[in-house]
Number of protein chains: 2
Amino acid sequence: MTAPTTAPTTDQTTDQTTDLLTIRQMCDAFDVTPRTLRFYEAKELIRPVRDGMKRLYARSDRARLKLILRGKRFGFSLEDIRQTLDLYDRQGSNLAQMERTYALAQDRLAIMEAQRAELDEAIAELQAELRAGAAVIAEVKKAGGAAAA
Amino acid sequence: MTAPTTAPTTDQTTDQTTDLLTIRQMCDAFDVTPRTLRFYEAKELIRPVRDGMKRLYARSDRARLKLILRGKRFGFSLEDIRQTLDLYDRQGSNLAQMERTYALAQDRLAIMEAQRAELDEAIAELQAELRAGAAVIAEVKKAGGAAAA
DNA sequence: CGTTACGCTGACGTCAACGTCAACCCCACT
DNA sequence: AGTGGGGTTGACGTTGACGTCAGCGTAACG
């Protein structure tokens, strides 16, 4: 129980000289505003601890925030993200809950893989279009350079 | 200029028996609402022709709509999409305009490639998490089946 | 010739994801 | 004792992307 083997999830052992960041430090680190962090907290996406009234963000909060921002970049809603975020930390739960979460994560994975496939296709198309565009530009330049209107 | 060699972009030749769809047909085909199509038109993303007052959507409109919806899935704004959409059909333009559009498309491509890299990473992480989750579930099932609390 | 169906045009409503602003608290200086 | 720098909680504003609704046109149907 006390030996951190290979999975340091929510480890208690490493809180030397406070591993906690203030809201401002978080903002600087992740390039977000305080308002955003409070908003995410209101939406129950992160749960910083409190020192009096001040919020303090632990490593797990940073990990969650990283996942949140990534999810956003992929176009998932905050609500979507909140659902699957539970997968990454919530292990203290019953079997049924775990299986539901597992299934949910599988769905997400499928979505992401489909998205990747479509992204590959879109990239290929855009590249082709760029090549064509470059050719046209080159031609116009040659013709235009020789005989301008 | 007149010979369609291998690039059938916006071909005039194929308009047999009206290749035009009504707004409803478009909605059914692309799973969007009429409001959405009118909205896109107001934002100058598509330009259907009119039969009297009714909108009619040609093949080029369908191609554009496909690109629009795809762009949205990747998290681009309609305004972003409108910009780069021009790359795909606009050949009658001056050199400066073409080069701007070209540069814009290159930026887009870079963004999409970065997005793909991050998506790959996210997929890998989620897969790992799923494997771990599956292992935990299996273990719980074995232990729980032998000696329930 | 009424009415039903589809379409059009404003105009206003809504929802997510924050931004902005006011008012307050607390602690540290000086 | 004031003042400055974080931090906090409402509460309202904003922007993008539509939804919704009222009022109208018109073409077809029975």
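The values are calculated or read from the model by the stated rules, or taken from the named source; none is laboratory data. Because the structure is predicted, anything quoted here is derived from the model rather than measured. As a convention, Cβ positions derive from the backbone with ideal geometry for all residues, glycine included, and neighbour counts pool all protein chains shown. These area figures cover heavy atoms from the full protein model, side chains too; ligands, DNA and RNA do not enter into them. Shrake-Rupley method; radii C 1.70, N 1.55, O 1.52, S 1.80 Å.
Couplings 3J(HN,Hα) of the range A:104-117, computed from phi: 4, 5, 5, 4, 4, 4, 4, 4, 5, 5, 5, 5, 5, 4 Hz, in residue order, whole Hz [Karplus 6.51 cos²θ - 1.76 cosθ + 1.60, θ = phi - 60°; x for Gly and Pro]. Bridgeable aspartates and glutamates around residue B:142 (alpha carbons under 16 Å apart, same-chain partners fewer than 8 residues away excluded): A:99. For the range B:17-76, the fraction of C-alpha pairs farther apart than 12 angstrom is 67 percent. Applying 0.36 nm per residue to the separation of residue B:28 and residue B:73 and subtracting their alpha-carbon distance, the gain on full extension is 14.3 nm. Here the calculated FRET efficiency for residue A:141 and residue B:66, from their Cβ-Cβ distance with R0 = 35 Å, stands at 0.65, rounded to the nearest 0.05. Accessible surface buried by the A/B pair amounts to about 3800 Å², both sides summed, 1.4 Å probe. The phi-based Karplus calculation (6.51 cos²θ - 1.76 cosθ + 1.60; θ = phi - 60°) puts the 3J(HN,Hα) values of the range B:59-70 at 4, 5, 5, 5, 4, 5, 4, 4, 5, 4, 5, 5 Hz, whole numbers, x for Gly and Pro. Here the Karplus curve 6.51 cos²θ - 1.76 cosθ + 1.60, taken at θ = phi - 60°, turns the phi angles of the range A:35-43 into couplings of 3, 4, 5, 5, 5, 5, 5, 4, 7 Hz, with x standing for Gly and Pro. Once the chain from residue B:104 to residue B:42 is taken as fully extended at 0.36 nm per residue, the excess over their C-alpha distance is 20.1 nm.
If you plug the beta carbon distance of residue B:86 and residue A:124 into 1/(1 + (r/R0)^6) with R0 = 22 Å, you get a FRET efficiency near 0.65.
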